[in-house]
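First up is the structure itself, then whatever we jot down about it.
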Amino acid sequence: MSRVELNHVWKVYEGNVQAVEDVSFSIEDGEFVAILGPSGCGKSTTLRMIAGLEEIYKGEILFDGKVVNDLSPNERNIALAFESYALYHRLTVYENIAFPLRCKGMSGSDVDKKVRWIADILNVTDILKKRPIGLSGGHQQRVNLCRAVVREPNVTLLDEPISHMDLRVRANMRARIRRLHDDLNLTTIYVTHDQDEAVSIADRIAVMKDARVQQIGTVDEIWNHPTNKFVATFVGEPQMNFLQGMIETTQDVSIATQDGNKKFRFSGEVDQKHVGADITIGIRPQEIGMVLDGESPSSIRASIELTEFQGENVIITLKLDDNNHTEIKAVVGADHMPNDGETVWMQFTPEAIHLFDDETPILR
């Protein structure tokens with residue numbers, strides 16, 4: 001295992017193209033950290049600098065307190081598995097997985113034991129005798145992952161390692177990757193654009209946008225205390241709703257409707273200087289209360305525009321009776337599924353309300 005630190009790391013390409021800007025965070029021994037963000041945000045470039053495949057423009061990367069900026073990937077003792085799978089097509093799957101073990105001088109019986117062990121965990125035992133050229137993209141990704149992890153490296157770096165698998169298989173593979181991490185006490189950094197992968201597999205998540213880390217924290221921290229509107233929308237499906245409101249008191253916010261201002265108490269207290277200011281209110285769809293006959297000073301009337309059945313839950317699109325006729329989404333149980341066109345009333349608990357001044361939250 002290794003502790004990995006990034007201290008003010010930059011990557012600038014020719015033409016002053018800034019791919020990574022002033023990134024600083026750490027990964028503890030045995031921790032599983034996901035780097036999550038949209039395409040082009042700098043997450044893969046960050047991983048490649050940790051691996052030693054990209055030269056660092058400025059800053060330091062340390063393994064167990066030692067600066068590794070000038071060390072090759074081999075000297076860093078890392079494992080790499082990328083979205084593209086550079087397998088040896090003349091070798092069988094078995095020999096592809098065994099290759100790094102043979103390079104270390106491991107005995108034949110130990111190699112066989114390790115190859116079959118990893119093949120069983122990642123479910124490739126039945127294709128060990130085949131060559132990669134005839135395999136699907138998903139199977140090749142599994143083999144690539146086996147080869148990367150089998151030699152038990154100091155740090156395991158995974159860049160979209162299961163992106164070519166179908167949805168059902170990906171869910172199963174996530175669990176298998178996490179099992180490998182736990183069984184081998186690995187330090188793992190996992191790059192993905194898929195929030196479901198990051199949320200389900202990682203101890204902590206680093207959310208990136210426009211070459212910068214926006215927030216790093218546990219799922220609970222990112223869900224309940226997003227550092228800006230981008231994080232609030234990128235983590236969570238459906239994404240967080242935003243409504244226009246005004247700070248009424250240091251503990252209350254109001255939304256203007258056709259029936260007058262509707263006031264809601266929020267959890268916590270803002271500075272007196274914000275009272276009277278316009279504000280953006282964030283509400284996650286999963287935290288909206290919805291009743292058919294619950295009109296009150298702390299509820300907003302809405303009409304059902306669309307219902308999407310999702311098994312146990314239903315995603316409902318509503319149009320609020322606020323001055324902007326804001327469209328929002330709510331998630332309710334299938335046993336409370338309303339009809340299109342029906343009128344309902346929205347209720348928000350104090351804990352569900354997030355307040356943003358432009359991009360920045362004013363409640364933490």
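The values are calculated or read from the model by the stated rules, or taken from the named source; none is laboratory data. None of the values given here were measured: they were computed from a predicted structure. Every residue, glycine as well, gets a Cβ built from its backbone with ideal geometry; the counts of neighbours run over all protein chains shown.
Some points to look at:
- Per-region count, region 119-142, residues at pLDDT below 90 and of a type in the set (V, I, T): 2
- Given (1) without any contact (Cβ under 8 Å) to a residue 60 or more places away in the chain; (2) surrounded by fewer than 20 Cβ atoms within 10 Å (Cβ to Cβ), index of the condition A256 fails: (1)
- Entry remark, region 318-354: residues being in a strand (DSSP E or B) and under 22 Å from the mean Cα position of the chain (by Cα) number 4 in total.
- Note on region 231-245: among residues that are over 23 Å from Q18 (Cα atoms) and β-branched (V, I, T), the one that is surrounded by the most Cβ atoms within 10 Å (Cβ to Cβ) is V235.
- Residue match in region 55-72 (condition: touching a His at 6+ places or on another chain (Cβ under 7 Å), in the same structural domain as A211 (by TED's automatic domain parsing) and hydroxyl-bearing (S, T, Y)): no
- Taking residues in region 33-46 that are touching a residue at least 60 places away in the same chain (Cβ under 8 Å) and in the same structural domain as F82 (by TED's automatic domain parsing), and partners anywhere that are part of a loop (DSSP other than H, G, I, E, B) and among the aliphatic types (A, V, I, L, M), the pairs with Cβ atoms closer than 7 Å and at least 6 places apart or on different chains are V33/A202; A34/A202; C41/A211; G42/A211.
- Pick from region 194-225, criterion surrounded by fewer than 17 Cβ atoms within 10 Å (Cβ to Cβ) and of a type outside the set (S, T, N, Q), ranking: modelled with the lowest pLDDT: D196
- Subset of region 318-364 (residues that are surrounded by fewer than 18 Cβ atoms within 10 Å (Cβ to Cβ), small (G, A, S) and touching a residue at least 24 places away in the same chain (Cβ under 8 Å)): A334, G341
- Applying the criterion of being free of Cβ contacts under 8 Å to residues at least 24 places away in the same chain and not in a loop (DSSP other than H, G, I, E, B) to the residues of region 49-75, the residue that is surrounded by the most Cβ atoms within 10 Å (Cβ to Cβ) is P73.
- For N228, the stated conditions do not hold, so it cannot be described as surrounded by fewer than 16 Cβ atoms within 10 Å (Cβ to Cβ), in the same structural domain as D210 (by TED's automatic domain parsing) and within 15 Å of P361 (Cβ to Cβ).
- In region 14-44, the residue that is farthest from H193 (Cα to Cα) out of those that are surrounded by fewer than 17 Cβ atoms within 10 Å (Cβ to Cβ) and among the polar types (S, T, N, Q) is N16.
- Considering residues of region 298-317 that are within 27 Å of the chain's Cα centre (by Cα) and under 26 Å from N261 (Cβ atoms) only, the residue surrounded by the fewest Cβ atoms within 10 Å (Cβ to Cβ): T317
- Per the conditions (1) over 22 Å from D22 (Cα atoms); (2) of a type outside the set (K, R); (3) part of a loop (DSSP other than H, G, I, E, B), the sole criterion not satisfied by P226 is (1).
- Within region 89-130, being over 17 Å from R170 (Cα atoms), of a type in the set (D, E, K, R) and out of contact with any Leu (no Cβ under 7 Å at 6 or more places or on another chain) holds for R90, E95, R102, K104, D110, D112, K113, R116, D126, K129, K130.
- Pairs meeting the criteria (first residue in region 108-133 and farther than 15 Å from E152 by Cα, second residue hydroxyl-bearing (S, T, Y), beta carbons under 8 Å, at least 6 apart or on different chains) are L128/T92; L128/Y94; K129/T92; K129/Y94; K130/T92; R131/T92; P132/Y85; P132/Y88.
- Once region 122-146 is narrowed to residues that are of a type in the set (A, V, I, L, M, F, W, C) and either buried (at least 16 other Cβ atoms within 10 Å of the Cβ) or not assigned by TED's automatic domain parsing to the domain that holds N74 (or both), the residue that is farthest from R178 (Cα to Cα) is L135.
- Residue within region 89-103 that is closer than 30 Å to V20 by Cβ and assigned by TED's automatic domain parsing to the domain that holds V23 present: yes
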